[in-house]
Every structure is written in C-alpha cells, then in structure tokens.
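Each remark here refers to the structure printed beneath this line.
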Amino acid sequence: MRNLAIFGGQKIRNKPFPKWPQFKEIDESALIEVLHSNNWNRGANSNNSDFISKFENKIKEMLDVKYCIGVSSGSCALDLAAKGAKIIAEDEVIVPAYTFISSISCVIHAGAKPIFTDIDPKTWNIDPVKVEENITNKTKAIIVVHFAGQPANMDAIQKLAAKYNLIVIEDAAQAVGASWKNLPVGSIGDIGCFSLEGSKNITAGEGGFITTKNKFFFEEIYSLQNCGRKLNGPWYQHENIGWNNRITEFQAAIAYNQLKTLESYNSIRQENALYLKKLLQEIPGIEVTEVDGNVTSHAFHLITMRYKKAYWNRLGKNRFILALNAEGIPCYAGYKYPVYENPVFKKLGYDVETIAQKCKIAKQVTEESIWLPQNLFLGNKNDIDDIVKAFIKIKDNLNSLKR
Ligand SMILES: *Cc1c(COP(=O)(O)O)cnc(C)c1O
C-alpha cells in the first residue's frame, strides 16, 4: 500500500505551521510613524526620540550591557567586531568548524587567519578542549557561536581567554535571549554580534546589532559603522576608515517592537522544543542535540538532531527529509559543508585535508544533521505531536521507501 505522502498517500499534516516572520498592528503604525517622521536614518536629525535609540536602549537593559550599536546585518556586526577588536594580519583567530560563513569571513576580512576548531558532539558548539589545543602565540581572539540558540560553554571559553589573554567575540546571531548560568549571551565575552535577518528569532528583514561593556570597543565600532566618524563628532570629520553599516529607522522600529514579544516567544519555543525532544528520544536513530545543564535559557532558533541511517534501513538522510516534507513537516538538512569545506577555502589555498583531519565531529554532524526551524515551535503541542507522528509513520513504512 502506498501509505506515505511521498507516494501520494494522505499527509500527516495539511495545516501550515505558524508563519515567520510575524507582525502586529503596532509594527504597521511604527512604520507609518517613521515614514512621516522626516527621520529615516541615524544622524538624519538631532531628534533623540528615534527608534534606533529606543531599540539600542532596550537591548542594553535586556542584556545588561553598557553599549549597543544597531547595524545593517549580523555579518557586518562580525566584521565590525573583528576590526574594532584590532584583529590584524598575522593574528590567528579560533573559530568553530560548524557554523555559518560569516563567523569565518570576518576574520579573513580583517586580514587574519581562521583556525578551524572542532565542535562538541553533544551540543554542536565549539569544544573548549580543542580550542586550547589550537592556541598559539599568534592567537588573538576566539569567536564562539551559540549554535541553534544554545549558549556555548562560556565558563571554559572565558577561562581560556583569561589564561591566554584573548578577546572573545560571541556570534549570537541565532541566540538572542539565550543565557548561560543566567548571563545573557552577548554580555559574557568582550563583544556580542546579533542578526535581524529574516529567519532569526527577532527580525527586521535585515539588520543586526553589537553589544559590549567595553568603552574602547564601543567607540571604535561606532565609528567604523558610521564611515569613520567619531561618536557625536562632526558629520564631515573622519577618524577611521570605516564603512556605512548603519541600521535604518524602519528596521529599528520593527526590531524594537519584536523585543516586546521575544521573551514570551522564546519560552514557547523552549517548551515545545523540549516536549519534542522528549518524544523523539523514544525513536531509535534520531538523536536530538543535548542541552547543557548550565544553559538557563535556550533560544531554540533551530531544533537540531542527528539522523543515524543504520537504524533506518540505511535510507539516505535527504530522502528521509523529503519524506518528512511530503508529510507536511518543513525541515531541512542544514549546512551543506562543515564550514571549512566550502569551495572558497580550497581556492584561497587552505590545506583543507589537514583541517578535516582535526574536525571530524563537524563533518559527521554535517552528514547526519536535520534542522527544524524555530517557527514550528511557536504553536501548541498538537503541532509537535504531528511532527512526531510523521517520524513514526516513516519508520512504520520504511520498507516502501527502501528500494
Ligand atoms: C545568520 C547568521 C549570521 C549572519 O547574519 P546576517 O544578518 O544574515 O548577515 C552570522 N552567524 C550565524 C551563526 C548566523 O546564523
């Protein structure tokens, strides 16, 4: 019998999951307000009651940091952080082997060398033991990524930073609102970088922001994102060679309003994600990524798991995902490569084989990973039950998929 939806059978789920991004009436009125304000960008006038300041102030309060700078993307936040931290040619910067390209490209834009470092097989975050193995007298900084919304082991990272006098940049693009031992991510290392891109847990379509407690980094980064102008300095006086990476009032208006629902949305995501994790644990061959006991809030930008095909008649992961998609469950394979395997690194002359030897967990995770996006977790337990039913249905009909 052709039971599975991939063969034309009845789908487990016809209803869509909660959509993303979402907006409310208040976002519409905020956009109209900006439109009529004669104040569309930073520096357009001296009026201080603007959304960029309101957004930055709210972040400072929520994350308990002294400074926040809204910028035009998470990628440029990382570029600005690397430049602002004075990472230069000859420096080495420790980066995770499993991440988005921008965690690496910021190091290369600064002229320095990324040192790809393997991840922890349980949490998929950078492995502090491997970090220490990779530290040399050229190491200037560590970039940690709070992957999928789960804070990395910041105790171990901060300890290494203190021991070897290193700067810590947190790539918190996926983790706004997450905390490690009750410390918000972005407030633990020296500089935090966040994204407001369309898929992220708060979004303005595009955008980003930077957090720091350090006045020097704040003033440097402020200047670099604003064409090298000095903070509060004259418009046509330039102290640095910077860029225009400024956020707009339109982006800040949307992002500011989203901050109001961040906490409640993150707790719904967390509740539903943990419920799914519990149910999927019963299914052999699916290993949901573990949550470290020191994580006090997980942003669950993604729910990630490893697919062990030995338990699924050796059915390939991509075919398994297509079968889930057909049942009405949106999910995908995640990064195509551990980041160092992207074609660019071979072109740049990196010794990719040697890197691969040292980053075997990242490779294995890439091959086995399945990602479920955060918006699937914004509804109720019935949504989660449907996800589980689809996994079980495929398990029960494995023979029809196997050819
Ligand atoms: C999304 C993302 C970025 C980049 O953010 P953009 O706003 O898309 O430029 C950087 N790092 C990680 C880990 C991300 O997921």
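The values are calculated or read from the model by the stated rules, or taken from the named source; none is laboratory data. These numbers come from a predicted model, not from an experiment. All Cβ positions, even for glycine, are placed from backbone atoms using ideal geometry, and neighbour counts span all protein chains on display.
Structure data summary
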quantity	calculated
Single condition Gln258 does not satisfy, out of (1) under 30 Å from Asp385 (Cβ atoms); (2) part of a loop (DSSP other than H, G, I, E, B)	(2)
Residue within the stretch 266-277 that is surrounded by fewer than 14 Cβ atoms within 10 Å (Cβ to Cβ), touching a helix residue (DSSP H, G or I) at 6+ places or on another chain (Cβ under 9 Å) and not charged (D, E, K, R) present	no
Residue count, the stretch 121-154 (criterion: within 16 Å of the ligand (Cβ to nearest atom), over 21 Å from Val176 (Cα atoms) and either out of contact with any strand residue (DSSP E or B) (no Cβ under 6 Å at 6 or more places or on another chain) or at pLDDT below 95 (or both))	0
Any hit, the stretch 86-98, residues being of a type outside the set (D, E, K, R), touching a His at 6+ places or on another chain (Cβ under 7 Å) and within 16 Å of the ligand (Cβ to nearest atom)	no
Boolean, Glu220 is among the charged types (D, E, K, R), within 16 Å of the ligand (Cβ to nearest atom), surrounded by 16 or more Cβ atoms within 10 Å (Cβ to Cβ) and touching a residue at least 24 places away in the same chain (Cβ under 8 Å)	no
Helices (runs of 4 or more DSSP H) contained entirely in the stretch 343-403, each with at least 1 residues that are in contact with a strand residue (DSSP E or B) (Cβ under 7 Å, 6 or more places away or on another chain) and at negative phi	352-358, 360-368, 381-396
Considering residues of the stretch 53-76 that are aliphatic (A, V, I, L, M) and in contact with a Ser or Thr (Cβ under 7 Å, 6 or more places away or on another chain) only, the residue nearest to the ligand (Cβ to nearest atom)	Ile59
Conditions (1) within 14 Å of the ligand (Cβ to nearest atom); (2) surrounded by fewer than 19 Cβ atoms within 10 Å (Cβ to Cβ); (3) of a type in the set (A, V, I, L, M, F, W, C): number failed by Ala81	(2)
Identity of the residue in the stretch 345-361, within 17 Å of Val107 (Cα to Cα) and basic (Lys, Arg), that ends up surrounded by the most Cβ atoms within 10 Å (Cβ to Cβ)	Lys346
Tally, over the stretch 75-132, of residues that are farther than 30 Å from Gln364 by Cβ, charged (D, E, K, R) and outside any helix (DSSP H, G or I)	2
Candidates Ser199, Ser195, filtered to the one that is surrounded by fewer than 21 Cβ atoms within 10 Å (Cβ to Cβ), of a type in the set (Ser, Thr, Tyr) and within 16 Å of the ligand (Cβ to nearest atom)	Ser199
Some residue of the stretch 232-249 being of a type outside the set (Phe, Trp, Tyr), under 30 Å from Pro18 (Cα atoms) and part of a strand (DSSP E or B)	yes
Lone unmet requirement of (1) in contact (Cβ under 8 Å) with a residue 40 or more places away in the chain; (2) farther than 28 Å from Lys347 by Cα; (3) within 12 Å of the ligand (Cβ to nearest atom) for Ala172	(1)
Residues located in the stretch 167-195, provided they are assigned to a loop (DSSP other than H, G, I, E, B), touching a Leu at 6+ places or on another chain (Cβ under 7 Å) and farther than 20 Å from Tyr98 by Cα	Gly177, Ser187
Residue count for the stretch 207-217, restricted to those that are within 16 Å of the ligand (Cβ to nearest atom) and more than 19 Å from Ala299 (Cα to Cα)	0
